[in-house]
Every structure is written in C-alpha cells, then in structure tokens.
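Worksheet: the structure to be examined is printed underneath.
The values are calculated or read from the model by the stated rules, or taken from the named source; none is laboratory data. As the structure is a prediction and not an experimental result, all values here were calculated from the model. Here the Cβ positions follow ideal geometry from the backbone for every residue, glycine too, while neighbour counts run over all protein chains shown. Note: areas computed on protein heavy atoms with side chains; ligands, DNA, RNA excluded. Shrake-Rupley method; radii C 1.70, N 1.55, O 1.52, S 1.80 Å.
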Amino acid sequence: MPLPPTSLDPPASSPSRSGTVALAGRANAGKSTLLNALVGVPLAAVSDKPQTTRTRVLGVVNAPGLQATVVDTPGLHRPRSEFNRRMVATAEKSLDEVDCVCWVVDATRPVDDELIERFAGRKVVVALNKVDLLDDKTRLLPMIAAYSRVGTVVPVSATRRDGLDRLVSAWAEHLPEGEAIYPADQATPLTEKAIVAELVREQLVRNTGQELPYATAVEVERFDESRREEGLVVIHARIVVEKPSQKAIVIGAGGRSIKRIGTQARKRIERLLGAQVHLQLFVAVEEGWTENPRLLADFGYTGD
Ligand SMILES: Nc1nc2c(ncn2[C@@H]2O[C@H](COP(=O)(O)OP(=O)(O)OP(=O)(O)O)[C@@H](O)[C@H]2O)c(=O)[nH]1
Ligand SMILES: [Mg+2]
C-alpha cells in the first residue's frame, strides 16, 4: 500500500526533471572530456586529434532534482567519405532527438558564427570550454555576449572540472518533468564490453599518426568473466584497418606500437572493471570497410 505523503517528500515547486542532452560542437572542443568529467568515469575516448569520437557514447548525470542521459557526439565537420558522412549524420540526428543540446565551444577559438546560425532556435546551452587556457578572463565577455544569442552560456573547464554544477543546472530549464530512469549510482547504460572497445580505440588514436584513426574500428571478440571472482577478466579485441600498410603502422617496428596501445588500454580497463585484465589485441585488414555499408553496420556505424 502506498504511504501517505510526508514532510520529507520534495515540495511540488521543485519537480524532478529527467531528459536527454547531446554534447555537440566542433571536433576537439572537449565534448568527450566533458562527458567523462560529468559522469566521473572515463567512458569516452579523448585525444588531441580531431574526430576522435565515432559513435554515440552515453553517460548518466545526476544532480539534485535532475537526471540527464548525456550523449557524446562526433564533432560536426564536412564529411569526406561514406564513413565520415555517417559520423556527421549520427551527430546531427542526435541533435533532433534530445531535449537539450549542450553546445561545447573551445573558448580559445574565434566566435563560431556558422554554428551560431545553425543552433539558433534550438534548445541550447553553451558550454564555453577550456577557459583555463585564457590568461585574460575579460576575453570571455564578448564571447558570452555573442553566444548568448543561442542560449544560456556557462564558462567551464572540463579538464579542471570547473563550472560543471552550473552547467548541469542550466540544462534543467530545457528538461521535461519526469522521474529518473537510471539508478543514481549507474554512470552509463553502456555495457562494459562497449566501453572496453572505446578505451582500446582511444589508445589507438593516441598512439598512431594523424591518418590512421579514420580507418580503424575495434571489436571486442571475447570478454571472459569466468574468473572475475578471483579478480581476473580475459579480453580479446580485434583492431580492424583498411590496408596492410595501416596494419604495419598499428603493429609498429618490432611490435612496439601495439604493445604500447595494449599496455595503456589495459591500465584504463583495469580501473574501469576493478579487476586484473589479460588483454590480447589482434589486427585485421578489411579492405574498404569505411565505404562498405555492411561492414560499417557490423562495426556499429549505422549513421542513425
Ligand atoms: N586545457 C584544456 N584542455 C581541454 C579541456 N577540455 C578538453 N581539452 C583537451 O582538448 C582535446 C580534445 O578533447 P576531446 O574531449 O577529445 O574533444 P572532442 O570534442 O570530444 O573531440 P572529437 O571527438 O574529435 O570531436 C584533448 O587534448 C583534451 O585534453 C579543457 O577544459 N581545458
Ligand atoms: Mg570526442
């Protein structure tokens, strides 16, 4: 039988808000860094190379009276191939489906008039990111004025975790009233397997040259938890590239590159899983997979 209301129930004037937020913006603005800072777990690949993010990564952010399901999106840029087109389509589609767009802007870059036009009229909150890099904080004022045309502007630093509470509060104005969907301690609805694939890809992007990240995918083929109680998880992941020359780059001279990728990814995965991890990486060549709809779908790049 339901209990009668008590004085501990939240007052009707502060209803719970629950909804979806997409982190969107230019490549390298810090969207994935912001997602990881907000959820407190490294879910999304971060690197100093543009176009690090490939697919949608979801995190759950809880604040008093609010729960937001947050999607990280690939940076908005001009597509050059079928693969790139799907990435941008993924990002654009996310924007139409969410309650609030959190446009992440790199505060060290000139005011982005093109995207101001594109975002005007949507439910947007602007996260003016990387403010830690501005020596002269008065430079923020004209930027805040310019971006205010699209929505509330909140200066933040994703790496220093500054301004995040204010940012999340600003989302609230766009989120519908509703109950929380996920338990308060759940950082993501993604499976561990999916996060592991992302963490391997992160090290791949970080440890290889500019040209390679566009042409790689990671698939976790084995995720063996049978010894998890003893504190051990065995993982086999397949790195897929387009050409034999790329395979050679991933493996590196004397296998040094793949070894470094494996070691660094393993450390991150061990922290995520709270267990010792045996990680084996394999590299496979799938000619032309970035232009092949069937292979793209196999690797989860559906373009929707
Ligand atoms: N100084 C500083 N650097 C930041 C901040 N946020 C992100 N960065 C750096 O900016 C670079 C890009 O960060 P990402 O989070 O990968 O950027 P992204 O917007 O997800 O990029 P794509 O996925 O390629 O679209 C990384 O080197 C981050 O460490 C910040 O607040 N301050
Ligand atoms: Mg990203």
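Normalised per residue, the accessible area of the chain is 48 Å², obtained with a 1.4 Å probe and no contribution from ligands, DNA or RNA. Legend: distances between Cα atoms for LYS123/LYS193; LYS137/LYS267; LYS130/LYS259; LYS49/LYS267; LYS31/LYS123; pairs beyond 29 Å are LYS123/LYS193; LYS137/LYS267; LYS130/LYS259. Using the alpha carbons alone, the radius of gyration of the range 17-174 stands to its Kirkwood radius in an Rg to Rh ratio of 0.93.
Taking the three principal axes of the alpha carbon atoms in the chain, the coordinate ranges are 62, 55, 39 Å, sorted in descending order. Summarising the amide proton neighbourhood of GLN67: residues at separation of 5 or more, or on other chains, whose placed amide H is nearer than 5 Å comprise ARG17, SER18, GLY19. Can you give the angle from 0 to 90° between the axis of helix 256-273 and the longest principal axis of the chain, with both taken from C-alpha atoms, to the nearest 10? In the chain, helix 256-273 runs at an angle near 40 degrees to the longest axis.
Along the range 145-152 the Karplus relation, 6.51 cos²θ - 1.76 cosθ + 1.60 evaluated at θ = phi - 60°, assigns HN-Hα couplings of 4, 5, 6, 4, 4, 9, x, 4 Hz to successive residues, with x for each Gly and Pro. Just the protein heavy atoms count here, and of the accessible area of the chain at 1.4 Å, carbon and sulfur take up 51 percent. With both labels modelled 7 Å from their Cα along Cα-to-Cβ, the HIS278 to ARG160 distance reads 4.5 nm.
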